[in-house]
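Notes follow the structure.
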Amino acid sequence: MAETLKFAFDHAYARDMGLQADGLACRRGGRLIFKDISFTLHAGQALRLAGVNGSGKSSLLRQLAGLLPVADGMFIHVLSPLRDMHYLGHDDGLKAALSVAETLVYECALARKEVPQALLTDLGLAASDWQYVGDLSAGQKRRLTLARLLLDPRPLWLLDEPLTALDASGRKLVEDLAEAHLARGGMIIAASHEALAFATQELRLGADA
Amino acid sequence: MSLFATLCAAHMRLAWRGGQTILALSFLFIAVTLLPFGLGPELKLLRALAPGLLWVVLAISLLTTLDRLFQADFEDGTLDRLRLLPLSLEAALLAKLCGHFLVLVMPLILSVPLAGLLLNIEAARLPLLLVAMLCGAPALVLLGGIGAALAVSVRRGGLLTVLIAMPFYVPVLIFGAAASQAALSSGTAIRPYLGILAALSAAALLLAPFAIAAALRAAQD
C-alpha cells in the first residue's frame, strides 16, 4: 500500500501494546456529554468514533490525549500517554506567518529529526514549500499536519475528522498512512462521520436515531 | 537545539513577524514625547518627574505587547501541542515568554535611556537607569503574562489583561521609580532598590510559569 511513499516507515511497535477504556464519562459546562464508554484496542487495530454532532467524539479524543479531565471511569494504557501518542485535533496549531518549509523545519526540531527531503513530496506539498501557511487551502494545511505523524513515530494516533477538507488523493494518502501504521502494530482512534477503510471497530456515541 | 530553545526561537520569529516591536516602540516614544506637552516645558520639573514617568510608560507599552500573547495559541490549537510536548507546559510557556522578552521587551528597555534624554536626564546617569529597568522588567513581563493567561478565553481580552496585571505592577513600579530616582541623584544608595527589583523578578520567574500554565489549563477544560 504505502510503497509509493518515499519517506518510509522503518520502525515497528511492540505487539503487546493495548489501550483499554472502562466506563468513561465526560462532563462539559455542567452537562453530561457521554457516560459508560468502554472499549479495548490492541496493536494493529483502528477504532472509528461515530455519532451525531455534539455527541462527544472530539471530547473523547481530548480525554485520551490527556487534554480534558475524565469525569468518571478510567483508561488503562500500556503506553505512556505523552510520549506514545499523536493528537491531530480540529485546530491544527499551524502558524500562518511561517512558510511551509519553515513549518517543516520547526516540526522537525520539535521531533528532533533531520529535515527529510522526500516528506513534502509524499504529502503533495512539494510545489508550495515557499508559500506561507496562511495562504494554503484547508486541505493543504491538513496535509501539512500529517507530517507530524510521519516525523515522530508514535504508536497511538488520535485523529479528529482526518478526512475533512481533503481531496481524493489526500484521502488516499491518509488511508495509506493509516494502513502502514497499523501494519506496523500501531493503533488509531479516529472520530469521523464517514466510513474509514482502515477502521477495524466502531464505537457509536450519543443517542442512536 | 534543545526543545526549550526551539520553542523560544519559534516564538521570537513569530513575534518579530507580527510587527509588534515597532508598534510598541512607537507607542513608547509617542507617550514620552507627549509628556512635556502635558506637563509644560519646565526642564527641572521634567527631570524630577522623569524616573516615575519612564517606568509607567515602560509598563504600559509592555502591556500593549501582552495583548493576545496566549490567545492565538489558545485559538489555533498550538496550546494543545505545547501540552503534549515531552516538556512540561510550564517550561514551554517560559520558553515562549523568554522569546517574547527578547524580541518585544528588550528593544523597549534599551530605548528607555533614549526616551530619558527627551525628559532631560543627564546622559551619564542613563546606564544606571538601564540597569534598574533590566532588573525590574522581567517581573513586569511575567506578571503581565499571568493577566494575559487569565484573560485568554475572552475574545477581546486586551483591556482585561491590563486590569488584571496592573495591581501586580504596583510593587515593581514603586521600587523601580525609587531605584531610578536614586540612579539620577547622587548620594542615594541604589543597590538596595536594585536588589528588591531583582528579587521581585526572581520570584515572578519562579511562580508565574505555574500560574500561567494553571490558568491556561483551566481555560481549556
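Here are a few things to note about the model shown:
- In region A:30-57, the residues that are hydrophobic (A, V, I, L, M, F, W, C) and within 11 Å of A:Gln201 (Cα to Cα): A:Phe39, A:Leu41, A:Ala46, A:Leu47, A:Leu49, A:Ala50
- When region A:81-127 is limited to residues that are within 9 Å of another protein chain (Cβ to nearest Cβ) and of a type in the set (Asp, Glu), the one that is farthest from A:Asp152 (Cα to Cα) turns out to be A:Asp91.
- Number of residues in region B:56-112 that are in a helix (DSSP H, G or I), facing chain A (nearest Cβ under 10 Å) and among the small types (Gly, Ala, Ser) equals 1.
- Just one residue in the set A:Ala2, A:Ala25, A:Ala12 is touching a Lys or Arg at 6+ places or on another chain (Cβ under 9 Å), modelled with pLDDT under 85 and hydrophobic (A, V, I, L, M, F, W, C); that residue is A:Ala12.
- Answer residue from region B:175-221, given it is at pLDDT below 95 and among the β-branched types (Val, Ile, Thr) and is surrounded by the most Cβ atoms within 10 Å (Cβ to Cβ) among those: B:Ile190
- Meets criteria (surrounded by fewer than 15 Cβ atoms within 10 Å (Cβ to Cβ) and either free of Cβ contacts under 8 Å to residues at least 60 places away in the same chain or facing another protein chain (nearest Cβ under 10 Å) (or both)) for A:Gln63: no
- Within region B:125-140, the presence of a residue that is among the small types (Gly, Ala, Ser) and surrounded by fewer than 24 Cβ atoms within 10 Å (Cβ to Cβ) is excluded.
- Cross-chain or 6+ apart pairs with Cβ under 9 Å, region A:107-127 first and free of Cβ contacts under 8 Å to residues at least 24 places away in the same chain, then of a type in the set (Phe, Trp, Tyr): A:Gln117/A:Phe7
- Residues within region B:154-212 that are within 30 Å of B:Ala124 (Cα to Cα) and either of a type in the set (D, E, K, R) or not in a helix (DSSP H, G or I) (or both), tallied: 7
- Top-ranked residue of region B:16-32 - restricted to ones that are within 12 Å of chain A (Cβ to nearest Cβ) and out of contact with any helix residue (DSSP H, G or I) (no Cβ under 6 Å at 6 or more places or on another chain), ranked as modelled with the highest pLDDT: B:Arg17
- Among the residues listed as B:Arg47, B:Arg13, the single one being surrounded by fewer than 19 Cβ atoms within 10 Å (Cβ to Cβ), among the basic types (Lys, Arg), modelled with pLDDT of 90 or more and on the phi < 0 side of the Ramachandran plot: B:Arg13
- Filtered residues of region B:160-179 (kept if farther than 10 Å from B:Gly147 by Cα and not small (Gly, Ala, Ser)): B:Pro167, B:Tyr169, B:Val170, B:Pro171, B:Val172, B:Leu173, B:Ile174, B:Phe175
- Residue match in region A:113-133 (condition: modelled with pLDDT of 90 or more, in contact with a Pro (Cβ under 8 Å, 6 or more places away or on another chain) and outside any loop (DSSP other than H, G, I, E, B)): no
The values are calculated or read from the model by the stated rules, or taken from the named source; none is laboratory data. Here the structure is a predicted model, which means the values were calculated and not measured. Note that each Cβ is placed from the backbone with ideal geometry, even for glycine, and that neighbours are counted across all protein chains shown.
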